[in-house]
Amino acid sequence: MSQALFSHEEKHFSTAGQSNSNSDTCAEFRIKYVGAIEKLKLSDGKSLEGPLDLINYIDVAQQDGKLPFVPLEEEFIMGVSKYGIKVSTSDQYDVLHRHALYLIIRMVCYDDGLGAGKSLLALKTTDASSEECSLWVYQCNSLEQAQAICKVLATAFDSVLTSEKS
């Protein structure tokens with residue numbers, strides 16, 4: 001199973017980030033929304049530390065009917081910047097989700113296993129009080145696209161962490 005991993009708690013990522021001189025840039029990707037498991041108590045979320053834990057948890061949730069196997073038909077735009085991730089309708093009129101960069105704990109991308117060459121991108125986020133965590137699952141057109149999103153997010157973390165140090 002090929003995958004790209006990213007966490008700002010423990011820097012695990014298999015794609016190298018390149019710093020961008022224009023740190024306000026926003027990379028945009030066309031994705032589909034699969035679903036979310038929201039408001040998990042952080043104590044329950046502790047068992048979701050590693051990337052394989054997340055993947056397995058999502059698999060079980062899909063098998064139990066808590067998450068669908070296939071996304072909604074509608075395509076969304078995922079914008080990734082140094083501020084975080086914004087998922088909006090393709091006309092960018094309505095915002096579906098906003099994930100602030102500092103609330104993203106982990107991002108994992110992996111093949112969905114359904115044989116159509118699609119990949120899933122899973123985000124683990126926390127709330128501002130760090131009492132709950134949520135899992136957000138999106139479908140990408142390919143593993144390359146999912147890895148590109150992980151790479152842009154890794155670069156955003158790097159640029160924010162670098163600017164905080166200087």
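If you stretched the chain out fully between Arg30 and Glu73, how much longer would it get, using 0.36 nm times the residue separation minus the C-alpha to C-alpha distance?
On the way: separation 43, 0.36 × 43 = 15.48 nm, distance 1.22 nm.
Result: 14.3 nm gained on full extension.
Starting with the highest mean, order 139-148, 87-96 by the number of other Cβ atoms within 10 Å, averaged over the residues of each peptide. Present the calculation step by step, with values, prior to reporting the outcome.
Numbers: 139-148: 18.9, 87-96: 12.5.
The densest-packed peptide leads the list: 139-148, 87-96.
Quick check on the range 53-166: take the gyration tensor over C-alpha atoms, sort the square-rooted eigenvalues as a ≥ b ≥ c, and tell me if it's rounded (a/c under 1.5), prolate or oblate. Walk me through the numbers on the way to the answer.
Details: a/c = 1.60, a/b = 1.42, b/c = 1.13.
Judged from the Cα gyration tensor, the range 53-166 comes out prolate (a/c at least 1.5, a/b above b/c).
For a quick protection proxy, order the peptides 32-38, 61-67, 131-137 by their average other-Cβ count within 10 Å, most packed first.
Working: 32-38: 17.7, 61-67: 13.3, 131-137: 19.6.
The peptides rank, most packed first, as 131-137, 32-38, 61-67.
List, in the order given, every pair from Lys41/Lys118; Lys66/Lys151; Lys86/Lys118 whose Cα-Cα distance in the structure shown is over 27 Å. Display every interim value, and only then the final one.
Working: Lys41/Lys118 30 Å; Lys66/Lys151 29 Å; Lys86/Lys118 21 Å.
Exceeds cut-off: Lys41/Lys118; Lys66/Lys151.
Using modelled amide H (1.01 Å from N, peptide plane; none on Pro or chain starts), what sits under 5 Å from the amide H of Asp112, excluding residues fewer than 5 places away?
Lys118, Ser119, Leu120
Applying the Karplus parametrisation 6.51 cos²θ - 1.76 cosθ + 1.60 with θ = phi - 60° to the phi angles of the range 65-82, what ³J(HN,Hα) value in whole Hz is obtained for each residue in order, glycine and proline being reported as x?
With coefficients 6.51, -1.76 and 1.60, one gets x, 7, 9, x, 7, 10, x, 4, 5, 5, 8, 10, 9, 9, x, 10, 9, 5 Hz.
Compute log10 of I(q)/I(0) for the range 79-129 with the Debye formula, placing one identical point scatterer on every Cα and leaving out solvent, at q = 0.30 Å⁻¹, to two decimals.
-1.08
Values in this text are rule-based calculations from the coordinates and carry no lab data. In this text the structure is predicted, and so the values were computed from the model without any measurement. Cβ coordinates were reconstructed from backbone atoms using ideal geometry, including for glycine residues, and neighbour counts include every protein chain displayed.
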